[in-house]
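Since the structure comes first, as structure tokens, the remarks are kept for the end.
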Amino acid sequence: QVQLVESGGGLVQPGGSLKLSCAASLSFFGIRIMGWYRQAPGKQRELVATFTGGGTTYYADSVKGRFTISRDDAKNTVYLQMNSLKPEDTAVYYCRISIGYAEYWGQGTQVTVSS
């Protein structure tokens with residue numbers, strides 16, 4: 001059973017920063033597609049940032065220049081550095097890993113941006 005555990009969420013003021021972590025119970029060796037999604041109240045889950053199958057990164061327009069996705073294969077962990085946070089970034093953030101036709105999700109971590 002693959003487990004993904006997110007951490008690092010919390011309450012931050014507008015303009016602040018947070019770094020989310022997603023630790024996996026499996027080796028990242030050979031895994032290309034992993035990313036972060038978010039879901040705000042009353043809205044659909046949306047893609048925030050991801051490593052693609054082609055080995056590149058993709059960012060939603062709303063977070064370009066502010067968020068950075070990274071990974072540490074030695075720790076089987078994927079990160080999301082979030083800077084210049086805005087109230088509209090408030091959501092539950094989920095990590096996702098895709099292996100072939102299977103996909104795995106974490107339980108989510110709440111990020112609240114408010115003064």
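The values are calculated or read from the model by the stated rules, or taken from the named source; none is laboratory data. Quantities reported herein were computed from a predicted structural model and do not represent experimental measurements. Please note: Cβ atoms are built from the backbone with ideal geometry, for glycine as well, and neighbour counts cover all protein chains shown.
Table: residues versus (1) without any contact (Cβ under 8 Å) to a residue 12 or more places away in the chain; (2) loosely packed, with under 12 Cβ neighbours inside 10 Å; (3) within 23 Å of Glu103 (Cα to Cα).
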position: Gln3; (1), (2), (3): no, yes, yes
position: Ser7; (1), (2), (3): no, no, yes
position: Ala24; (1), (2), (3): no, no, yes
position: Phe29; (1), (2), (3): no, yes, yes
position: Met34; (1), (2), (3): no, no, yes
position: Tyr37; (1), (2), (3): no, no, yes
position: Asp73; (1), (2), (3): no, no, yes
position: Pro87; (1), (2), (3): no, yes, no
position: Thr90; (1), (2), (3): no, no, no
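Yes/no per residue for (1) among the hydroxyl-bearing types (Ser, Thr, Tyr); (2) at pLDDT below 95:
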{"residue": "Gly55", "(1), (2)": "no, yes"}
{"residue": "Tyr79", "(1), (2)": "yes, no"}
{"residue": "Ile99", "(1), (2)": "no, yes"}
{"residue": "Gln110", "(1), (2)": "no, no"}
Note to self: Can you say whether Gly15 is assigned to a loop (DSSP other than H, G, I, E, B) and under 13 Å from Ser98 (Cα atoms), as far as the supplied structure shows?
What the structure shows: no
Margin query: Criterion first (hydrophobic (A, V, I, L, M, F, W, C), more than 19 Å from Leu11 (Cα to Cα) and exposed (fewer than 14 other Cβ atoms within 10 Å of the Cβ)) does Ala60 satisfy it?
Written below: no
Check: Where in segment 24-115 are there strands (runs of 3 or more DSSP E), lying fully within it, with 2 or more residues that are closer than 19 Å to Val5 by Cβ and among the hydrophobic types (A, V, I, L, M, F, W, C)?
Finding: 33-39, 46-51, 77-82, 91-99, 102-105
